[in-house]
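Participant: Right, I'll just put the structure down here and ask away after.
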Amino acid sequence: MIVLGIHTASAACELALLRNGACLGVRHEAMVRGQDARLPLMTKNLLTEHEIRFEDIDRYAVITGPGSFTGIRVGVAFARGLALSSDGVAIGVTSLEAALPAGQQGSAIVALSAQKRPPDITFWTQNFRSGERTGDAVERPLNDLQALLNSHPHMVYGDPAALSPHLPGHTIHTAAPSAIRAAEVGADFDPDLHPPRPTYARAPDATLPQNKANI
């Protein structure tokens, strides 16, 4: 099976190409914006280097967020378009699923920074049990995360610099989403349970204008 991992949900554009679980190549370019312009050429160059055609790709494993709103939409749209044009299958992988290391055992939680400014510090989190998700990706206020970990011990994965000051006494295992991890888990995911659909884990900040008649 050939899988292309796609990660544009953070400040980068990243690809990983796997064949039967073995990584053929990775491409990574740091960028805050402009993934839509770079992604097609990066993909073409990666496939050309390894003599892979789009028709050869079985799955497109795209990180669906949470993360950068624009980046998520770019990656998901790209994966969907490639799947439709090449008869491949697009698989959605959350940022938290793409951060959890292989072989994790027991109860675990992946926590990635969402809102970083006090007093509204929040984290995107998702719970797992021996590598299997046990809930959806959600945005948790810091006090909720602290209460959860104090009442129910979990292995914690994420950025130690962001988490350790708020979680004294807890060991933080370094983890971050990657295109290669997305491709690894996407190879085994059930397409019906992991659609290529944006995962925002937060209500939109903007609201529709109210009807003046209802004011």
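Participant: Determine whether segment 76-98 contains at least one residue that is assigned by TED's automatic domain parsing to the domain that holds Glu14, within 20 Å of Ala30 (Cα to Cα), basic (Lys, Arg) and assigned to a helix (DSSP H, G or I).
Facilitator: There is no residue in segment 76-98 that is assigned by TED's automatic domain parsing to the domain that holds Glu14, within 20 Å of Ala30 (Cα to Cα), basic (Lys, Arg) and assigned to a helix (DSSP H, G or I).
Participant: Another question about this same structure. Residues in segment 44-63 that are in a helix (DSSP H, G or I) and closer than 15 Å to Ile180 by Cβ: how many? Even if it seems obvious, please write down each step before you answer.
Facilitator: Step one: list which residues in segment 44-63 are in a helix (DSSP H, G or I), which gives 44-49, 54-56.
Then keep just the ones that are closer than 15 Å to Ile180 by Cβ; that gives 46.
Matching residues across segment 44-63 total 1.
Participant: Just checking, how many residues over segment 123-143 are assigned to a strand (DSSP E or B) and farther than 14 Å from Asp159 by Cβ?
Facilitator: To start, the set of residues in segment 123-143 that are assigned to a strand (DSSP E or B) comprises 123-129, 132-133, 138-141.
Checking the rest, the ones that are also farther than 14 Å from Asp159 by Cβ come to 126-129, 132-133, 138-141.
So the answer is 10.
Participant: How many residues does segment 1-42 hold that are in contact with a strand residue (DSSP E or B) (Cβ under 7 Å, 6 or more places away or on another chain), farther than 15 Å from Pro177 by Cβ and not in a loop (DSSP other than H, G, I, E, B)?
Facilitator: Total satisfying the criteria: 14.
Participant: Considering Gly71, Gly65, which residue is at positive phi and touching a residue at least 60 places away in the same chain (Cβ under 8 Å)?
Facilitator: Details: Gly71 fails: at positive phi.
Checking each option against the conditions leaves just Gly65.
Participant: Just for segment 190-215: of the residues that are of a type outside the set (Lys, Arg) and touching a Gly at 6+ places or on another chain (Cβ under 8 Å), which one is modelled with the lowest pLDDT?
Facilitator: In the first step, residues of segment 190-215 are kept if they are of a type outside the set (Lys, Arg); the result is 190-196, 198-201, 203-211, 213-215.
Add one more test, that the residue is touching a Gly at 6+ places or on another chain (Cβ under 8 Å), and what stays is 194-196, 198-201.
Values: His194: 98, Pro195: 97, Pro196: 98, Pro198: 97, Thr199: 96, Tyr200: 90, Ala201: 74.
By that ranking, first place goes to Ala201.
Participant: Is at least one residue of segment 144-163 surrounded by 14 or more Cβ atoms within 10 Å (Cβ to Cβ), touching a residue at least 60 places away in the same chain (Cβ under 8 Å) and not in a loop (DSSP other than H, G, I, E, B)? Give the steps one after another, and end with the answer.
Facilitator: At the first step, the residues of segment 144-163 found to be surrounded by 14 or more Cβ atoms within 10 Å (Cβ to Cβ) are 144-146, 148-149, 154-160, 162-163.
Subsequent filtering for residues that are touching a residue at least 60 places away in the same chain (Cβ under 8 Å) retains none.
Checked segment 144-163: no residue is surrounded by 14 or more Cβ atoms within 10 Å (Cβ to Cβ), touching a residue at least 60 places away in the same chain (Cβ under 8 Å) and not in a loop (DSSP other than H, G, I, E, B).
Participant: Also, I was wondering about something else. Among the residues in segment 99-106, are any part of a loop (DSSP other than H, G, I, E, B), within 18 Å of Phe54 (Cα to Cα) and in contact with a helix residue (DSSP H, G or I) (Cβ under 7 Å, 6 or more places away or on another chain)? Working first, answer last.
Facilitator: Looking only at segment 99-106, we keep the residues that are part of a loop (DSSP other than H, G, I, E, B), and these are 99-106.
Still in the running and within 18 Å of Phe54 (Cα to Cα): none.
No, segment 99-106 contains no residue that is part of a loop (DSSP other than H, G, I, E, B), within 18 Å of Phe54 (Cα to Cα) and in contact with a helix residue (DSSP H, G or I) (Cβ under 7 Å, 6 or more places away or on another chain).
The values are calculated or read from the model by the stated rules, or taken from the named source; none is laboratory data. All values reported here derive from a predicted model rather than from experimental measurement. Backbone-built Cβ (ideal geometry, glycine too); neighbour counts: all protein chains shown.
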